[in-house]
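Working notes for the structure below.
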Amino acid sequence: RAQVLSRRAFLETGAYDPIVRAVQTAAQGHGGPILDVGCGEGYYCTRLAKALNLPLTGLDISKEAVRCAAAKYKDAQWLCATAAHIPAAEESVGLLTSLFALTLPGEYHRVLKQGGLYFQVLAAEDHLLGLKSIIYPELKLRPKDSVPELAGFELVRSVPIRFDFRVEGAQVQNLLSMTPHMYRISKAGAEALRATEVLNDTASCVLNIYRPILKGDAL
């Protein structure tokens, strides 16, 4: 629960709002319903649903995340479930989103309508280099496929999202808690970050938009 609340506290500073705006802009004119897989506490998907005026279902495997989302956002449906077995009917979703979450193309293809879209946001290899430079003794940039091929889908377009941001005080730790680095950080790295009062960093990610191939031709 502490991690979920830390994520909410960070996102509500607005530091990552350029991601929200990029997804909203790309989704204008598209129909729903919306299904957000790996919805967390609901920050991204509720803003998208409000901007498009579309019904929303958020899904996450974390009970605490789903509880947190349901307590704050009453105008959506929240499900605690695995994306490997989405509790939704075939061709029932118009816009499926996953932001910094796993991609399971088979299930996504099953639930998307013909003409629906899948919006995927992935971190690029140079995402959060400022944070990484503090918590790791040396930076190692590993090649990363930020525009993957997905079985049953064709890529419509890929949109880079890159912006600078600044966080201070407790929000520095909250940022760490949102990332997988929280589970990899060394004791020395954790101490170095606790001593960091201000962090200037750059978010670098990619919005990939996919269209399901016709069911008869897909798999």
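The values are calculated or read from the model by the stated rules, or taken from the named source; none is laboratory data. This structure is a prediction, so every number in the text was calculated from the model and none was measured. FYI the Cβ positions are ideal-geometry reconstructions off the backbone, even for glycines, and counts take in every protein chain you see. Note: areas computed on protein heavy atoms with side chains; ligands, DNA, RNA excluded. Shrake-Rupley method; radii C 1.70, N 1.55, O 1.52, S 1.80 Å.
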I'm told residue 38 meets every condition in (1) open to solvent by 20 Å² or more (accessible area, probe 1.4 Å); (2) on the phi < 0 side of the Ramachandran plot except one. Can you identify the failing condition by its number?
(2)
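Specify the residue that is nearest to the chain's Cα centre (by Cα); the eligible residues are those in the range 146-165 that are closer than 22 Å to residue 13 by Cβ and open to solvent by 50 Å² or more (accessible area, probe 1.4 Å).
162
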Exactly one of 70, 84, 88 is outside any helix (DSSP H, G or I), open to solvent by less than 50 Å² (accessible area, probe 1.4 Å) and on the phi < 0 side of the Ramachandran plot, and that residue is 88
May I ask you to list the residues in the range 121-173 that are aliphatic (A, V, I, L, M) and under 17 Å from residue 16 (Cβ atoms)?
121, 122, 123, 124, 128, 129, 131, 159, 161, 167, 170, 172
Which one of the conditions (1) closer than 17 Å to residue 174 by Cβ; (2) open to solvent by 70 Å² or more (accessible area, probe 1.4 Å); (3) charged (D, E, K, R) does residue 75 fail to meet, given that it meets all the rest?
(1)
Could you please find all residues in the range 166-219 being closer than 27 Å to residue 106 by Cα, open to solvent by less than 60 Å² (accessible area, probe 1.4 Å) and out of contact with any Lys or Arg (no Cβ under 6 Å at 6 or more places or on another chain)?
179, 205, 206, 207, 208, 210, 212, 213, 218
Within the set of pairs 6 or more residues apart or between chains, which connect a residue that is farther than 19 Å from residue 123 by Cβ inside the range 1-16 to a residue that is among the charged types (D, E, K, R) and buried (at least 20 other Cβ atoms within 10 Å of the Cβ) with Cβ atoms less than 9 Å apart?
4/41; 5/41; 8/41
Residue pairs qualifying under the 9 Å Cβ cut-off, at least six apart or on distinct chains, with the first in the range 28-50 being among the hydroxyl-bearing types (Ser, Thr, Tyr) and the second being open to solvent by 30 Å² or more (accessible area, probe 1.4 Å) and outside any loop (DSSP other than H, G, I, E, B), are 43/7; 43/8; 46/72
For the list (1) in a helix (DSSP H, G or I); (2) surrounded by fewer than 17 Cβ atoms within 10 Å (Cβ to Cβ), I need the number of the one condition that residue 107 fails.
(2)
Quick check on the range 111-127. Is at least one of its residues within 30 Å of residue 193 (Cβ to Cβ), over 15 Å from the mean Cα position of the chain (by Cα) and in a loop (DSSP other than H, G, I, E, B)?
yes
Any pair with Cβ under 8 angstrom, 6 or more apart, that starts in the range 144-157 at a residue that is within 20 Å of residue 116 (Cβ to Cβ) and ends at one that is open to solvent by 60 Å² or more (accessible area, probe 1.4 Å) and hydrophobic (A, V, I, L, M, F, W, C)
147/155; 149/155; 151/219; 152/219
